[in-house]
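Asks: Input: one structure, supplied below.
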Amino acid sequence: MLQSASHPANDSMHDRSRLSGRIQVHNVHYEHDIRYAMQICHWILKPIGIWHFVYSRSSPSEKLFSSTLVFTCVSVLCFVLVPSGPYVLLYEKDIYMRVKLYGPVGFCLSCTIKYFLLGVRGTAIGRCIEQVEDDWQVIRQADHRKVMLKNAMVGRRLAILCVILLFSGGLSYHTIMPLSAKIKINENLTIRSLVYPGYDRYFNVQASPVYEIVFGMHCLSCLIQYTITTATCSLAAIFASHACGQVQILMTLLDDLVDGKKIEGSSTVGKRLRVIAKHHMRVLRFAADVEEVLREICLIELVAATLIICLLEYYFMMEWKKSDAIGIVTYFILLVSFAFNLLIFCYISELLVEEFRKIGSAAYNVNWYDLSGYKALDLTMIIMISHYPPRLTAGKFCDLSFNTFSTVLRTSLVYLNLLRTVTE
């Protein structure tokens, strides 16, 4: 049995002062556990200024610092979009070069929209973080804690893998490729390449130190864009894995409904049913909050992934024809990372559906025939609700699933054939 905690907290992330009068802490390890579960989100959201706006116990000075970070990030993104967007749409006449620029400019635009959505959904994100912390604080059983730690580990690993893939491909595209693509006109003139065009209309971008400054801003924008992308992915992975852990705990409570050996303070079947029903409703509300946080983000992710995967396939084929090893490796890593990023959203949606459906089977497998009176009928509501499991949706237009993922890949191939027909 986990014991109540009494020593004061040292970490501001897990200040125990808000708990007095609201919930009782039973897990003495909750500070470590919360840090373990939310650490990746904290690390990713803080550099882009989102964490202190969604975390309810942030100080005014921290929020002021976050405002500065948000202003900096928006300025850097605008530094990329304002010159390159009109240039690609209005001034670039070569169809191949225009297609070549659609990918990076479109991705930057999608990241800017997702950044805005993270700010808009800040309140809902804060509610999810608070419930995650509360769930870690109120667990009583050691085996329940093991279940939550196991699921937290799954969420962390998915987030870390997403970070490694996206940043490895993204940094290579924004640094190695432009530096290796210098065009030598004559002995005195060499044109240095940039990922995003359009600056020549305002100043001589080839002159030093102007080129170095613009190149550095592009690298900074790369870090911001991929941090935003990994932030949405890590939130989805960690929140969904936490919900799955709570569902697994609910199933252990259902298994103990008749015997009552593990539900402390519930001496009767009615009281145990009350604990189970409250836990069930709490998990359903959490899943609804997660879906609210990710609804529009998943829609942008779905649309952007369909187009960007198509473009990356096209870029990969063009580099293959030119036998450019750097371009082939870079575009392959980016293609895998973007496909994997979308796969994570589809996987966790499928995982949520699968886990919530198991609740109905767990309720039916209870020795309900040993229950007195009409107590067994109280399980029918739980079984009925399990037939309508929560899932992630893309703006409520479609559900995310493995079928959705395969549809995106098939659609990208259709667009690829159309693109080849237009450009060749």
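The values are calculated or read from the model by the stated rules, or taken from the named source; none is laboratory data. Just so you know, these numbers come straight off a predicted model, no measurement behind them. FYI the Cβ positions are ideal-geometry reconstructions off the backbone, even for glycines, and counts take in every protein chain you see. The area values use the complete protein model at the heavy-atom level, side chains included, leaving out ligands, DNA and RNA. Shrake-Rupley method; radii C 1.70, N 1.55, O 1.52, S 1.80 Å.
Asks: Pairs 150/271; 63/114; 63/150; 46/358; 114/150; 46/150: which are spaced more than 27 Å apart, C-alpha to C-alpha?
Replies: Violating the 27 Å limit, Cα to Cα: 150/271; 63/150; 46/358; 114/150.
Asks: If one computes the Cα centroid of segment 196-228 and of segment 154-171, what distance in Å separates the two points?
Replies: The distance from the Cα centre of segment 196-228 to that of segment 154-171 comes to 25 Å.
Asks: Note down the magnitude of the dipole of segment 114-225 about its Cα centre, charges +1 on Lys and Arg C-beta and -1 on Asp and Glu C-beta and zero elsewhere, to the nearest 20 debye.
Replies: Dipole size: approximately 300 debye.
Asks: Would you compute, from DSSP H runs of 4+ residues alone, the mean residue ellipticity of the chain at 222 nm, taking -39500 (n - 2.57) per run and dividing by the full residue count, rounded to the nearest 500?
Replies: Estimated from H runs of four or more residues: -24500 deg cm²/dmol.
Asks: Let me ask something else about it. Using modelled amide H (1.01 Å from N, peptide plane; none on Pro or chain starts), what sits under 5 Å from the amide H of residue 393, excluding residues fewer than 5 places away?
Replies: When sequence neighbours closer than 5 places are left aside, the close amide H contacts are 400.
Asks: Which loop trypsin sites (Lys or Arg not before Pro) in segment 200-305, with loop taken from DSSP, have no more than 13 other Cβ atoms within 10 angstrom of their Cβ?
Replies: On the way: sites: 201, 261, 262, 271, 272, 274, 278, 282, 285, 295; in loops: 261, 262.
Hits after loop and neighbour filter: 261.
Asks: Here is a further query. Can you work out the accessible area per residue across the chain, with the rest of the protein chains kept in place, probe 1.4 Å, in square angstrom?
Replies: Details: 20030 Å² over 424 residues.
On a per-residue basis, 47 Å².
Asks: Work out the length of the dipole vector of the chain about its Cα centre, built from +1 on the beta-carbon of each Lys and Arg and -1 on the beta-carbon of each Asp and Glu, and round it to the nearest 20 debye.
Replies: 280
Asks: Nearest 0.05, what FRET efficiency do residue 421 and residue 113 give at R0 = 30 Å with Cβ-Cβ as r?
Replies: It comes to 0.55.
Asks: So which trypsin sites (Lys or Arg not before Pro) in segment 323-424 pass both tests, a DSSP loop state and at most 15 other Cβ atoms within 10 Å of the Cβ?
Replies: For trypsin sites (Lys or Arg not before Pro) across segment 323-424 that sit outside H, G, I, E and B with at most 15 neighbouring Cβ atoms in 10 Å, the list reads 396.
Asks: Give me the distance in nm between label points sitting 7 Å out from Cα along the Cα-to-Cβ direction at residue 325 and residue 357, one decimal.
Replies: The modelled label-to-label distance comes out at 4.8 nm.
Asks: Summarise the accessible area of the chain (1.4 Å probe, protein heavy atoms) by the percent that is carbon and sulfur.
Replies: Carbon and sulfur together cover 63 percent of it.
Asks: Ok, one more. How many nm is it between the label spots at residue 161 and residue 97, if each spot is 7 Å from the Cα in line with the beta carbon?
Replies: If labels sit at residue 161 and residue 97, their model points lie 4.0 nm apart.
Asks: Right, next: Apply the Karplus parameterisation 6.51 cos²θ - 1.76 cosθ + 1.60, with θ equal to phi minus 60°, to every residue of segment 136-143 and state each ³J(HN,Hα) to the nearest whole Hz, in sequence, with x for glycine and proline.
Replies: 5, 7, 9, 5, 10, 8, 5, 5
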